[in-house]
Amino acid sequence: MHTPEEPAPTNMPDALRAHGVFRVLGDEGRADSATDPKLPLQLVQDIYRAMVRTRVIDQQLERLQRQGRIGFHIGSVGEEACILASAAALRPTDWLLPCYREFGALLWRGFPLQTYVDNMFGNIDDPVQGRQMPDHYTGRKYRFGSVSSPIGTQMTQAVGMAWAAKKKGRDEVVGVFFGDGATSSADFHTAMNFAGVFETPTLFLCRNNRWAISLPSEQQTAAATFAEKGVAYGVHGVRVDGNDALATYRVVREAANRARAGGGPTLIELMTYRVGGHSTSDDPRAYRVQDEVERWRRIDPIKRLREHLVRQHAWDEARERKLVSDTEQELKRCIEASEGKKPPPIESMFEGVFDRQPWHLREQQAQCVSGPRAKARH
Amino acid sequence: MTEMNLVQAINGTLRSEMQANPDVIVLGEDVGKVGGVFRVTQGLIDEFGADRVIDTPLAEGGIIGTAIGMALYGMRPVPEIQFADFIFPAFDQIVSEAAKFRYRSGGEYTVPMTIRAPVGGGIRGGHYHSQSPEALFIHTAGLKVVCPSNPYDARGLLRSAIRDNDPVLFFEPKRVYRAVKMDVPEDDYAIPLGEAKVVTEGKDVTVIAWGAMLFEAMAAAQEASAQGVQAEVIDLRTLWPVDIDTITESVEKTGRVVIVHEAPKACGFGAELLSLITERSFLSLEAPPLRVTGWDTPFPYTLENEYLPLQHRITPAILDTARY
């Protein structure tokens, strides 16, 4: 990886100024010519639009949760570059397994916003029939995984999928998202170890957003970096400024190319910051100082990419206003449509546990359907 | 027909399923060159190579997690857990992931995976080479649990398990591995999951057992018949979903029931079976149902024959319930 020539943006948090953090964007959106992946302007604009769209959806959903119209949301404010640029750097034939903070990547893959909102409401049009809480989406058609809440379980699965793709001789790569907290899970270690031993085409996309609910990353590990954990498993490790969409894109693309060519897995530490709470159920004021949040806001990933586009006269205020307003309107329409829909039928609770419904579920289904109804609304 | 033991029967089925379907692969600790600590996978690596018979690092969570990933991708992995006692590092992957994928993804992702693991005591293995954890998996919605007692059933059930579209735990009674030999057809017969078998007919008492304890139950039934009590012995074969019709039919005939299992009594599968029986056949019961099980202690080493529900404890239970 190149050493960045462009100095780190001023006021950058110390963590990001550390040696060995790959970066392209410097002050005022200037791209380092030595490291710039020189992407087509159209692609950079697309990534930027997706980042803004993700931010707007996050903000609106948080508001709706406060109003009591949705039960829960787990957002990605501040982490849009590492999520969207990672997704953009992979091919549509590659797989992405989510943690639970990556709805932006799912929408990037073409998943309809209306379906995302229906899933959030768990209504009759939710593809998973209201079986999961909000932000636990599935998108196999989009080569996107299925969110579960236990931390880290998707990592060994990502290795297994990549291993299967390799066995079948397909040049597909599996990217798997997880947070810094998940690096302490058993699955992280076994996944890294298996990926290293069997040289599976797996990209470990570690969003080091510095907070695992209330635990800062310094208390998650005694290691100086998360990327260096790759050394123990013979897995290539790299640190990248995860608030720099261009740097993220380049690092992920190069790792994907290497994996595709048989070069094995890479652990990518995407250095970013969870600007919001862990979820709408969390209030981070209880455990962190606002000053830290403000320092990271100064290197906001959207702000930095916008400055870059504006420098090239490829973005302006009017386009920004229209994008924000269009997204707000689109989401508003989706919410209104979802709110009016019925819950899934009671029968559906007993379906899809097995391929074919066994006798005991058939029996319980009949009991439930003909039995008394819950008083609380669905 | 070929005479074979349980190890040979399972080995042969793995071989023929791997020949029939390139998506079937075996992975686990020491399953390759050494053929597994019980030699169940012996020779498979020579025929199918190290790409399909994979010696993995020593991490059960990794074996099952990666096997789930392969299954999500469309393969039919058959991971081996060296002893069922070592399955717990993979418990999260089995319970939170494999069992729930179909349901939570609205059927978009499925996990057609068969986890093989030796279970049960009787080999002087102490706590960690003797347990029978079936109830933990039966309790988890989305899993099927199979435990054959003999080579013929093992062959037909393993074939159905591998071809099944849901995750199956295939528990192999290690005490039976080499203890029982029988003539087994070499063709590709399958025994459907969810069908129990009445192995001894009788009119007085229903005895329900599976795995290695089936033979203890049969011996006890024989002993009881010398005293004029005709016990009907049912081999469940598939524990979940259980064949409730065969059970209720028998219990409604005999009115008396004894359930035998190696696992501890509290919340053992026997507890669920008795609840199902009383819910369905309460008015047919002539005596309190009995359970002959492992005790609610960790599995002991020296005193394992006092822990296990062997013939010496089953026979009195059959006679007691018959004479209640």
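The values are calculated or read from the model by the stated rules, or taken from the named source; none is laboratory data. Being a predicted model, the structure only gives us computed values, none of them experimental. A quick note on method: Cβ atoms are made from the backbone with ideal geometry, for glycine too, and the neighbour counts reach across all protein chains shown.
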- Message: Suppose we filter the range A:67-92 for residues that are in contact (Cβ under 8 Å) with a residue 60 or more places away in the chain and either part of a loop (DSSP other than H, G, I, E, B) or surrounded by fewer than 24 Cβ atoms within 10 Å (Cβ to Cβ) (or both); how many remain?
- Response: 13
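Which residue, of B:299, B:282, is touching a His at 6+ places or on another chain (Cβ under 6 Å), outside the structural domain of residue B:121 (by TED's automatic domain parsing) and either in contact (Cβ under 8 Å) with a residue 40 or more places away in the chain or more than 22 Å from residue B:136 (Cβ to Cβ) (or both)? Show your work before the answer.
Numbers: B:282 fails: touching a His at 6+ places or on another chain (Cβ under 6 Å).
Criteria check complete, one pass: B:299.
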- Item | Members of the range A:216-273 that are under 27 Å from residue A:166 (Cβ atoms) and among the hydroxyl-bearing types (Ser, Thr, Tyr) | A:233, A:248, A:249, A:266
- Query: If you take the residues in the range B:17-33 that are buried (at least 16 other Cβ atoms within 10 Å of the Cβ) and part of a helix (DSSP H, G or I), which one is farthest from the chain's Cα centre (by Cα)?
  - Reply: B:18
- Query: If you check B:204, B:164, B:153, which single one turns out to be crowded, with 19+ Cβ neighbours inside 10 Å, under 14 Å from the mean Cα position of the chain (by Cα), among the charged types (D, E, K, R) and at negative phi?
  - Reply: B:153
- Query: Name the helices (runs of 4 or more DSSP H) wholly within the range A:97-199 that hold at least 1 residues that are surrounded by fewer than 22 Cβ atoms within 10 Å (Cβ to Cβ), touching a helix residue (DSSP H, G or I) at 6+ places or on another chain (Cβ under 9 Å) and at the interface with chain B (Cβ under 8 Å from one of its Cβ atoms)?
  - Reply: A:153-167, A:186-198
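For residue B:98, are the conditions met, namely being over 19 Å from residue B:144 (Cα atoms), surrounded by 21 or more Cβ atoms within 10 Å (Cβ to Cβ) and in contact (Cβ under 8 Å) with a residue 60 or more places away in the chain? Before you say what the answer is, go through the steps one by one.
Values: over 19 Å from residue B:144 (Cα atoms): no; surrounded by 21 or more Cβ atoms within 10 Å (Cβ to Cβ): yes; in contact (Cβ under 8 Å) with a residue 60 or more places away in the chain: yes.
Considered against the rule, which asks whether it is over 19 Å from residue B:144 (Cα atoms), surrounded by 21 or more Cβ atoms within 10 Å (Cβ to Cβ) and in contact (Cβ under 8 Å) with a residue 60 or more places away in the chain, residue B:98 comes out as no.
How about the range B:167-194: which of its residues are of a type outside the set (A, V, I, L, M) and loosely packed, with under 15 Cβ neighbours inside 10 Å?
Answer for the range B:167-194, where residues must be of a type outside the set (A, V, I, L, M) and loosely packed, with under 15 Cβ neighbours inside 10 Å: B:178, B:181, B:183, B:185, B:186, B:187, B:188, B:189, B:192.
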- Note on the structure: With the first residue restricted to the range A:29-41 and required to be in the same structural domain as residue A:316 (by TED's automatic domain parsing), and the second required to be in a loop (DSSP other than H, G, I, E, B) and surrounded by fewer than 17 Cβ atoms within 10 Å (Cβ to Cβ), Cβ contacts under 7 Å at 6 or more apart or on different chains are A:32/A:5; A:34/A:2; A:34/A:5; A:35/A:2; A:41/A:312; A:41/A:314
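Which ones in the range B:90-106 are in a helix (DSSP H, G or I) and at the interface with chain A (Cβ under 7 Å from one of its Cβ atoms)? Can you show your working first?
Going through the range B:90-106, the residues in a helix (DSSP H, G or I) turn out to be B:90-98, B:101-104.
Listed by number, the residues that qualify are B:92, B:93, B:96, B:97, B:101, B:102, B:103, B:104.
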- Could you list all residues from the range B:46-81 that are aliphatic (A, V, I, L, M), more than 9 Å from chain A (Cβ to nearest Cβ) and either surrounded by fewer than 20 Cβ atoms within 10 Å (Cβ to Cβ) or under 13 Å from residue B:114 (Cα atoms) (or both)? B:50, B:58, B:78, B:81
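Can you go through B:226, B:161, B:190, B:179 and tell me which one is touching a strand residue (DSSP E or B) at 6+ places or on another chain (Cβ under 7 Å) and not aromatic (Phe, Trp, Tyr)? So that I can check it myself, show each step before the final result.
Values: B:226 fails: touching a strand residue (DSSP E or B) at 6+ places or on another chain (Cβ under 7 Å); B:190 fails: touching a strand residue (DSSP E or B) at 6+ places or on another chain (Cβ under 7 Å); B:179 fails: touching a strand residue (DSSP E or B) at 6+ places or on another chain (Cβ under 7 Å).
Step by step, each of B:226, B:161, B:190, B:179 is checked, and only B:161 is touching a strand residue (DSSP E or B) at 6+ places or on another chain (Cβ under 7 Å) and not aromatic (Phe, Trp, Tyr).
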- Given the conditions (1) at pLDDT 95 or above; (2) touching a Phe, Trp or Tyr at 6+ places or on another chain (Cβ under 9 Å); (3) under 29 Å from residue A:71 (Cα atoms); (4) basic (Lys, Arg), and given that residue A:297 satisfies all but one, which numbered condition is not satisfied? (1)
- Note on the range A:24-66: residues within 19 Å of the chain's Cα centre (by Cα), of a type in the set (Ser, Thr, Tyr) and surrounded by fewer than 21 Cβ atoms within 10 Å (Cβ to Cβ) are none
- Message: What's the number of the only condition in (1) farther than 24 Å from residue B:18 by Cα; (2) at the interface with chain A (Cβ under 10 Å from one of its Cβ atoms); (3) surrounded by 23 or more Cβ atoms within 10 Å (Cβ to Cβ) that residue B:111 fails to meet?
- Response: (1)
- Residue under evaluation residue A:203, criteria (1) within 11 Å of chain B (Cβ to nearest Cβ); (2) surrounded by 24 or more Cβ atoms within 10 Å (Cβ to Cβ); (3) not basic (Lys, Arg), criterion not met: (1)
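Yes or no, residue by residue, for (1) among the basic types (Lys, Arg); (2) more than 23 Å from the chain's Cα centre (by Cα); (3) not assigned by TED's automatic domain parsing to the domain that holds residue A:134:
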residue: A:306; (1), (2), (3): yes, no, no
residue: A:314; (1), (2), (3): no, yes, no
residue: A:335; (1), (2), (3): no, no, no
residue: A:361; (1), (2), (3): no, yes, yes
residue: A:365; (1), (2), (3): no, yes, yes
residue: A:370; (1), (2), (3): no, yes, yes
- Message: Can you find a residue that is modelled with pLDDT under 95 and among the small types (Gly, Ala, Ser) anywhere in the range A:319-326?
- Response: no
